[in-house]
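Peer 1: Quick one: this structure, given as structure tokens, is what I'll be asking you about.
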């Protein structure tokens, strides 16, 4: 009995596998692409303890795509963006990414968020040759074209940010006592590594860490105060940046704060600290950034319009700019991938190195580099306004020099809808 | 030395809140022989009520009042609507019902308010007073300490000297006998839940402004710490909760200051294991037994 | 087992094994009918089943509730991953050795926890195990040279063996491996519970003092029950690590631990079939709800996504516990009973408890 019933499903399965294999080997039939749509997906935390602040990113990207679609799409195709909640849980990420690839049959995964979450699917995506575009994390591990040919980073790496901020600090406040407060994971350690590259092995008077599960940094701030720290670098997420500054204020401890872009978004920090005290606590707050953020920037103006029209006028923050910029870069890659885009042609478009994005430094994508931004600018908060101060640095994630960058930021073209 | 004084002061203020929360657990344990695993989730609901009321009226005190009232109402509703279904023969069914409640309350808050942290204000200066160059307690810390002590004293008076308090204790220890003696056991159990929920809400309301802010998961760690405090002090002993709170608060502060923040959950676990293995009834069990 | 006379509810060993082999074969054949994503979900269900079967035996048979089974799964996963990475050889041998190592590590941790658990009553143990799962990320980051903090440990990719590569897709192979491991775990637990040890567990659960008086070493029975349950969970974690090629603390949260409790309760406390049904519900319901909310506007979908599943699980937990403590398993068996013979809670859960005469 089992002999017979076993052989039929086996035959069926063989046929299915064979059909699947032949489908994969024909280049023009990339999944997720029809004549008038292209479906892509993402994993991002919308619920759970780690969700705070992140849900606005995918909403902004979706709003930008809605804007593009209302204006004719890219090469006549509208972009469908499937957002899956993973609760910042790597196991759930695995499930939802398989769901995206196998059930939704997405063309690519865009802007998967988080280091622990995304590293749990990066092997899977590369084995299945699914474009894994613009990972929302500053870990340097996404830039490994040999190992992960289908994965491309987006954020400037934590090391690049730290090296640029340390250089700025040395120029601006020489001979001060430098210290760091970092998250007790790769974010904190990579950032600290970058700082030490510039400041030297004994450049930090105190290295403090915090754990996201303990929402209390009194002891750490106390230690920095006791060590006489004057310039404090922060490898903290926005919530803990706010907590650190608030705690220091309560302890009447004044210092210069210098934050990574991951925890230096002014509108988000205001959300944590409250509109009344935030401008006071954040006066002179230094942070790095690589996306347009000046209040009078043409990109920012456009994104604000899109935000009002397609995102229900949600709070406009650095996350909004981030989400829309990711959407713009994808649209640009898609436009360059030809009339009938395939997974391979998108990959080629990225590796040719002609994409501009909309950052303040040029994109670094090439055959040898899957890092997006190898440079950042410095922003300072003054009287409740966060803006660039003109200093921009480029460097690599290794021991290379930090070089001032004098080029212009990428200008806005054609209503922010890329064409080939 | 300065650093030690500073860490002790910080630990004391944090310990007072933990003690209050543990006291809420103790109240239900004394009243109904249940450990309320939903205490944290219930408290965060009333903190949201306080947040909304304060945002509407602009008054911290109205918000505080609203939190206490809604805490009481919630305690009543949870006891009558959910916990009544717990099987008296199995201590596990109460735990499982409470876990279900945690999931319902936190996800409902997530749907209603989203995952973002909201800042909460306090009516006092919360910057520390410098004593000899060392930042000690802030006025807000003092407010928390005084509140905790006042609540403890009021409850102690209630339990020891009022007829209602005696009835509650009797109903918990010997429900059948109490019923025969004319105590309305069902009502005293409900009252225990109401009181406990009010105290738990107060603890959360005092703690949230000093942390990241209000979020559906804002009390997750408070529950584990509060449970540890209650176990260290002995689940039957309000005095134990106070002392346990201070012990755990100071221990946390010292571990963070000298060993690193990442070790705190491990230290808490270690303390819990140690106490449970060496003195399962808590450090103050003997004293509590004498008073009971 | 050697005695010809069996207690009510006991099955002969041969029949248990035959039944297990039959079910396993059905499940293995079933993988041929499923597409890759369904097979992936089947692998998840099988891995969860290892943990929930262990948990349901622990709760149902010995009366100890653990809220920390996610942490025990993580222990098995880390044991598997670290061993797999350290072994000089590959293939099936590496998988088996790593799996056994995962079981061993979770046995050791389970034994230590069980020693504490044996002295604690229900709510205390629940609180302690909760503290264990809360401390997991801190443990991973404190010993990050070995455990690699939040990143977790990645393992090498275990593909389909060459001989089968032509007929079996990767996801199907993973599902098959998971099903076989789950079958071994479930069979082991069934045999354990059906034998003399099972009777001792129930005696201790129902009346510890009476059990001690009749010469049962209650403490040792509780420790062993917790250890066995921990091994089952550890094997589940090892299988998950095999499927996912990674283990990290973020995957084994308090929320996941509570989900295992949900699976066990809605399946029916103490029932292994219930654990299987519960695991399937826990895997499939969030996916189904995700399908339903997909069509909603962004803002509403963002708020409902994830939260709605937890809300439904919480409501299910309360409803089942309050109104139908037998869970899904109870609902299934009740239909087979004559209508005039109502199911009574005590009778049902304690049907295996020996009476005076039988003892």
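Peer 1: Between residue B:57 and residue A:294, what is the label-point separation in nm under the 7 Å Cα-to-beta-carbon projection?
Peer 2: Going by the 7 Å Cα→Cβ label model, 4.8 nm.
Peer 1: How high is the FRET efficiency from residue C:89 to residue A:205, r the C-beta distance, R0 56 Å, rounded to 0.05?
Peer 2: According to the calculation, E is roughly 0.70.
Peer 1: Let me ask something additional. Based on the Cβ-Cβ distance of residue B:131 and residue A:277, what FRET efficiency does E = 1/(1 + (r/R0)^6) give at R0 = 25 Å, to the nearest 0.05? Each step should come with its number before you reach the end.
Peer 2: Details: r = 24 Å, r/R0 = 0.97.
That gives a FRET efficiency of 0.55.
Peer 1: Using the Cα atoms of the stretch A:29-89, I'd like the radius of gyration and the largest Cα-Cα distance, Dmax, both in angstrom.
Peer 2: Values for the stretch A:29-89 (Cα only, Rg and Dmax): 13.5, 40 Å.
Peer 1: I would also like to ask the following. So what's the stretch A:110-193 giving for Rg/Rh, alpha carbon basis, Kirkwood Rh from the mean inverse pair distance?
Peer 2: That ratio equals 1.10.
Peer 1: Residue B:187 to residue B:2: extension gain in nm, 0.36 nm per residue of separation minus the Cα-Cα distance? Could the numbers behind the result be given before it?
Peer 2: Values: separation 185, 0.36 × 185 = 66.60 nm, distance 5.14 nm.
My answer for the length gained is 61.5 nm.
Peer 1: Give me the one-decimal Kirkwood hydrodynamic radius in Å for chain A, with the sum taken over alpha-carbon pairs.
Peer 2: In chain A this quantity evaluates to 22.3 Å.
Peer 1: Kirkwood hydrodynamic radius, computed over distinct alpha-carbon pairs, for the stretch A:158-289: how many Å, to one decimal?
Peer 2: Computed over the stretch A:158-289, the radius equals 14.3 Å.
Peer 1: Each label point is 7 Å from the Cα along the Cα-to-Cβ direction; what then is the distance between the points at residue B:77 and residue A:36, in nm?
Peer 2: Label at residue B:77, label at residue A:36, 4.8 nm between them.
Peer 1: Further question: For chain A, what's the relative contact order in percent, using C-alpha pairs closer than 8 Å and at least 6 residues apart?
Peer 2: Values: 839 pairs, mean separation 69.4, N = 420.
That works out to 17 percent.
Peer 1: Using a 10 angstrom cutoff on alpha carbons, build the Gaussian network for chain C and name the most mobile of C:98, C:324, C:61.
Peer 2: Checking each option, the largest mean-square fluctuation is seen for C:324.
Peer 1: May I ask you to derive the relative contact order of chain B, considering only C-alpha pairs under 8 Å and at least 6 residues apart, and to give it as an integer percent?
Peer 2: Details: 459 pairs, mean separation 104.9, N = 292.
Averaging sequence separation for qualifying contacts and normalising by length gives 36 percent for chain B.
Peer 1: Using label points projected 7 Å from each Cα along Cα→Cβ, tell me how many nm separate residue C:294 and residue C:323, to one decimal.
Peer 2: About 3.1 nm, to one decimal.
Peer 1: Would you mind listing how long the stretch C:15-81 runs along its three principal axes, going by Cα atoms, in whole Å with the largest first?
Peer 2: For the stretch C:15-81, the Cα extents along the three principal axes come out at 38, 33, 18 Å.
Peer 1: Another one. If you build a Gaussian network model of chain B, linking Cα atoms that sit under 10 Å apart, which residue out of B:42, B:168, B:103 swings the most?
Peer 2: B:103
Peer 1: Find the all-direction average of the projected area of the Cα convex hull for the stretch B:2-290, expressing the result in square nanometres with one decimal place.
Peer 2: 15.7
Peer 1: In degrees, nearest 10, range 0 to 90: what is the angle between the Cα axis of helix B:60-81 and the longest Cα principal axis of chain B?
Peer 2: Taking the Cα atoms of chain B, the angle to B:60-81 is about 30 degrees.
Peer 1: If you stretched the chain out fully between residue A:127 and residue A:175, how much longer would it get, using 0.36 nm times the residue separation minus the C-alpha to C-alpha distance? Intermediate values should be presented prior to the final figure.
Peer 2: Working: separation 48, 0.36 × 48 = 17.28 nm, distance 5.00 nm.
So the extension gain works out to 12.3 nm.
Peer 1: Then there is this: Return one quarter of the surface area of the convex hull spanned by the alpha-carbon atoms of chain C, equal to its mean projected area, in nm².
Peer 2: 20.8
Peer 1: Can you give the extra length, in nm with one decimal, that the chain gains between residue C:97 and residue C:112 once fully stretched, where that is 0.36 nm per residue apart less the Cα-Cα distance? Spell out each step's value before the answer.
Peer 2: On the way: separation 15, 0.36 × 15 = 5.40 nm, distance 2.28 nm.
The residue C:97-residue C:112 span can extend by a further 3.1 nm.
Peer 1: In a GNM of chain A with a 10 Å cut-off on Cα contacts, which of A:324, A:224, A:251 has the highest mean-square fluctuation?
Peer 2: A:251
Peer 1: Explain nothing, just the number: relative contact order of chain C, from Cα pairs under 8 Å at least 6 residues apart, as a whole percent.
Peer 2: Reported as a whole number, the value is 30 percent.
Peer 1: Also: Against the empirical 2.2 N^0.38 Å scaling, what ratio does the C-alpha Rg of the stretch A:369-420 come to?
Peer 2: On the way: Rg = 14.6 Å, N = 52, 2.2 N^0.38 = 9.9 Å.
For the stretch A:369-420, the normalised Cα radius of gyration comes out at 1.48.
Peer 1: Okay, moving on. Compactness ratio of the stretch A:206-274: Cα Rg over 2.2 N^0.38 Å, N = residue count?
Peer 2: Its radius of gyration relative to the 2.2 N^0.38 Å reference: 1.01.
Peer 1: Using only the Cα atoms of the protein assembly as shown, each taken as one equal point scatterer with no solvent, compute I(q) by the Debye sum, divide by I(0), and report log10 of the ratio at q = 0.04, 0.05 Å⁻¹.
Peer 2: After summing over all Cα pairs, the log10 values are -0.20, -0.32.
Peer 1: Something else: So, R0 is 41 Å and r is the distance between the beta-carbons of residue B:174 and residue B:149; what FRET efficiency does that work out to, to 0.05?
Peer 2: Details: r = 31 Å, r/R0 = 0.76.
In this case the efficiency is close to 0.85.
Peer 1: Nearest 10 degrees is fine. How inclined is helix B:163-173 to the longest principal axis of chain B, computing both from alpha carbons?
Peer 2: 80
Peer 1: Could you calculate, for the stretch A:56-203, the ratio of the Cα radius of gyration to the Kirkwood radius, expressed as Rg to Rh?
Peer 2: My calculation of the ratio gives 1.07.
Peer 1: Taking the Cα atoms only, what angle lies between the long axis of helix C:13-30 and the longest principal axis of chain C, rounded to 10 degrees?
Peer 2: Helix C:13-30 sits roughly 30 degrees off the main axis of chain C.
Peer 1: For the stretch B:25-170, what Kirkwood radius comes out of the mean inverse Cα-Cα distance, in Å?
Peer 2: 17.8
Values in this text are rule-based calculations from the coordinates and carry no lab data. A quick note: this is a predicted structure, and the numbers were derived from the prediction, not measured. Heads up, the Cβs are rebuilt from the backbone with ideal geometry, glycines too, and the neighbour counts pull from every protein chain shown.
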